[in-house]
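Undergrad: One structure, pasted below without further comment.
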Amino acid sequence: MAKPKLAMYWAASCGGCEISVLNIGDKILAIDEAFDIVFFPCIADFKYDDVRGYPDDYIDLCLFNGAIRCSENEEMARLLRRKSKVLVAFGSCAYEGCVPGLSNLTTARATLHTAYIDNSSIDNPAGVLPQRVTKVPEGELEIPVFYDTVKALDQVVPVEYIIPGCPPEPPQIAAVMEAIITGAELPAPGGAIIGAGKVAVCEECPLAKDVKQITRFYRPYEIIPEPGICLLEQGLLCMGPATRSGCGALCPRVNMRCEGCYGPLDGVEDQGARILSAVASVVAAGKPSDDEAGLERQIDEVMATLEDPAGTFYRFSLAHSLLQRVRAQ
Ligand code: SF4
Ligand code: SF4
């Protein structure tokens, strides 16, 4: 009997999602046993033309990792959508843009300028930037269009499921793959989240919450947190209250703040807006007798100690947030 067909593709991302699949250990053998791999450029020599040659709906399951950053990513998203019965946004970049999505705070032109010109590790006195088309003796070489706006996969094509995480944790991947292999019931498709929890990371976190208030924020290198105590209550901006569980609170367990990689909780559209309300609850500013202007000034003073609020609140989710990108440059 023919096995179901599996594809995995890597768009704008770091490659950690592919490594995470390999990190499921000997369970990878069950995947190999259960599926025919028909496209997986990271581990085997497949060409785009192989995929173009497949009939529509030929691929039973496609794990698509990476954001849509350039025209090549978009072309592959549309192609794999057409060729796949079940398309999964696999990992934070495909789900919500992740770190590549932070370039929505600026433009493609400014990003290229920083990468190729205004950069102390680059020697480029002529200010050469990548060209769309380059003439060579053999003809013309083209590179993809570098977009101004990074998008998540489901902002370009519909997806059946989303597996969050940067990267998704191997036990979660193994559980999802096992469910698919054994035919266990999955949630109804249409962008449902699988391989993660429903509550906040705080619910999985063993650190004690004491409803302490803080008068300033710290960057991780500025403070050695007291063991056993909630990091947010020590001034480290932990995204746990605004982030979906499922990782087992890996970061706070080792005294590192949660950076938010599992994305927003169920029912929360904007992770950054959600963390703001948690931040408001820990900031100590003002007393009942203060007038509004005085209170505002005290709040501003505390918030001024928070470095890079956009990059902290939206490190993983900017492209998929209500903001999506800055409006004008
Ligand atoms: S805010 Fe962070 S450190 Fe505090 S309980 Fe939540 S996950 Fe744990
Ligand atoms: S604690 Fe937060 S940043 Fe760390 S793995 Fe879990 S969701 Fe991701």
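The values are calculated or read from the model by the stated rules, or taken from the named source; none is laboratory data. Computed from a predicted structure; not experimentally measured. All Cβ positions, even for glycine, are placed from backbone atoms using ideal geometry, and neighbour counts span all protein chains on display.
Undergrad: Which numbered condition trips up GLY15, out of (1) loosely packed, with under 15 Cβ neighbours inside 10 Å; (2) small (Gly, Ala, Ser); (3) in contact (Cβ under 8 Å) with a residue 40 or more places away in the chain?
TA: With (1) loosely packed, with under 15 Cβ neighbours inside 10 Å; (2) small (Gly, Ala, Ser); (3) in contact (Cβ under 8 Å) with a residue 40 or more places away in the chain applied to GLY15, the lone miss is (3).
Undergrad: Restrict the check to the stretch 170-177 and report whether at least one residue is without any contact (Cβ under 8 Å) to a residue 60 or more places away in the chain and either assigned by TED's automatic domain parsing to the domain that holds GLU269 or among the hydrophobic types (A, V, I, L, M, F, W, C) (or both).
TA: yes
Undergrad: Could you tell me which numbered condition VAL157 fails, if it satisfies all but one of (1) at pLDDT below 95; (2) surrounded by 14 or more Cβ atoms within 10 Å (Cβ to Cβ); (3) more than 20 Å from PHE316 (Cβ to Cβ)?
TA: Exception for VAL157: condition (1).
Undergrad: If you check GLU169, GLU226, GLU233, which single one turns out to be in contact with a Lys or Arg (Cβ under 7 Å, 6 or more places away or on another chain), within 16 Å of ligand 1 (Cβ to nearest atom) and at pLDDT below 95?
TA: The unique qualifying residue is GLU233.
Yes/no matrix, rows are residues, columns are (1) closer than 29 Å to GLY260 by Cα; (2) not polar (S, T, N, Q):
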site	(1), (2)
GLY25	yes, yes
PHE40	yes, yes
TYR58	no, yes
ASN65	yes, no
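Undergrad: Among residues belonging to the stretch 51-78 that are among the charged types (D, E, K, R) and over 23 Å from LEU22 (Cβ atoms), point out the one that is surrounded by the most Cβ atoms within 10 Å (Cβ to Cβ).
TA: Filtering the stretch 51-78 for residues that are among the charged types (D, E, K, R) and over 23 Å from LEU22 (Cβ atoms), the one surrounded by the most Cβ atoms within 10 Å (Cβ to Cβ) comes out as ARG69.
Undergrad: Tally up the residues in the stretch 122-153 that are among the charged types (D, E, K, R) and closer than 15 Å to MET76 by Cβ, please.
TA: Selection size over the stretch 122-153: 1.
Undergrad: In the list PRO130, PRO125, PRO167, which residue meets the criterion of being assigned to a loop (DSSP other than H, G, I, E, B), of a type outside the set (Asp, Glu) and touching a Cys at 6+ places or on another chain (Cβ under 7 Å)?
TA: So the residue among PRO130, PRO125, PRO167 that is assigned to a loop (DSSP other than H, G, I, E, B), of a type outside the set (Asp, Glu) and touching a Cys at 6+ places or on another chain (Cβ under 7 Å) is PRO167.
Undergrad: Still on this structure: Being surrounded by fewer than 18 Cβ atoms within 10 Å (Cβ to Cβ) and closer than 19 Å to GLY183 by Cα is the filter here, so list the residues in the stretch 28-42 that pass it.
TA: ILE28, LEU29, ALA30, ASP32, GLU33, ALA34, ASP36, ILE37
Undergrad: Tell me yes or no: at least one residue of the stretch 263-284 is within 16 Å of ligand 2 (Cβ to nearest atom), touching a strand residue (DSSP E or B) at 6+ places or on another chain (Cβ under 7 Å) and in a helix (DSSP H, G or I).
TA: For the stretch 263-284, residues within 16 Å of ligand 2 (Cβ to nearest atom), touching a strand residue (DSSP E or B) at 6+ places or on another chain (Cβ under 7 Å) and in a helix (DSSP H, G or I): present.
Undergrad: Just a yes or no: is a residue in the stretch 254-264 farther than 24 Å from GLU226 by Cα and within 13 Å of ligand 1 (Cβ to nearest atom)?
TA: yes
Undergrad: Looking at the stretch 250-271 only, could you name the residues that are of a type outside the set (A, V, I, L, M, F, W, C), surrounded by 22 or more Cβ atoms within 10 Å (Cβ to Cβ) and under 14 Å from the mean Cα position of the chain (by Cα)?
TA: GLY260, TYR262, GLY263, PRO264, GLN271
Undergrad: Moving to a separate point now. Give me the residue from the stretch 212-243 that is polar (S, T, N, Q) and surrounded by fewer than 20 Cβ atoms within 10 Å (Cβ to Cβ) and, out of that set, farthest from ligand 2 (Cβ to nearest atom).
TA: That would be THR215.
Undergrad: When you check ALA285 against the structure, is it surrounded by 11 or more Cβ atoms within 10 Å (Cβ to Cβ), under 21 Å from GLN213 (Cα atoms), in contact with a Leu (Cβ under 9 Å, 6 or more places away or on another chain) and modelled with pLDDT under 90, yes or no?
TA: Judged against the criteria, ALA285 is a match.
Undergrad: Residue by residue through the stretch 84-112, note down the ones that are in contact (Cβ under 8 Å) with a residue 60 or more places away in the chain and assigned to a helix (DSSP H, G or I).
TA: Of everything in the stretch 84-112, those that are in contact (Cβ under 8 Å) with a residue 60 or more places away in the chain and assigned to a helix (DSSP H, G or I) turn out to be SER92, CYS93, ALA94, TYR95, GLU96, VAL99, PRO100, GLY101, LEU102, ASN104, LEU105, ALA110.
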